[in-house]
Amino acid sequence: EEKGILRGHSGDVNSVAWNHDGSLLASGSDDKTVRLWTPDGQEKGTLKGPHKKKGLFQRLKGWVKGDDPRLVGTLRGHSSGVTSVAWNREGTLIASGSYDETVRLWDPMTMEEKGTLRGHSGEV
């Protein structure tokens, strides 16, 4: 049974992955972004960890960005389409692979890129 459609990417979606507890969904697209979504747009509580004063990750209800109320935020940095996304077991890092031949590591708490893995000779 379809529960809804998450709108926001401007290109084809190539990969989706749930975090460890099912509270966030990451989607990777040909629009060169990774987007984070809540399943229902409802407040989930306060996430633990360091928070920047203007950071997105303070309370889920306050994270609404863009056209869809379930959109938490957008991770930008790839120079070509995102082909794959995956969470680590703890839900503290997201890895995204791209046609730009890199893997980027992201901190979902701060929405910051933590590093870029280079060296591939083709899409990841």
With labels modelled as points extended 7 Å from the Cα through the Cβ direction, what inter-label distance (nm, one decimal) is found for Asp21 paired with Ser121?
4.4
Glu1 paired with Glu112, simple spin-label distance in nm, labels 7 Å along Cα-to-beta-carbon
4.3
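Taken together, the values in this text are just the output of simple stated rules run on the coordinates, not laboratory data. This is a predicted model, so every value here is computed, not measured. In this analysis, Cβ positions are derived from the backbone assuming ideal geometry, glycine residues included, and neighbour counts consider all displayed protein chains.
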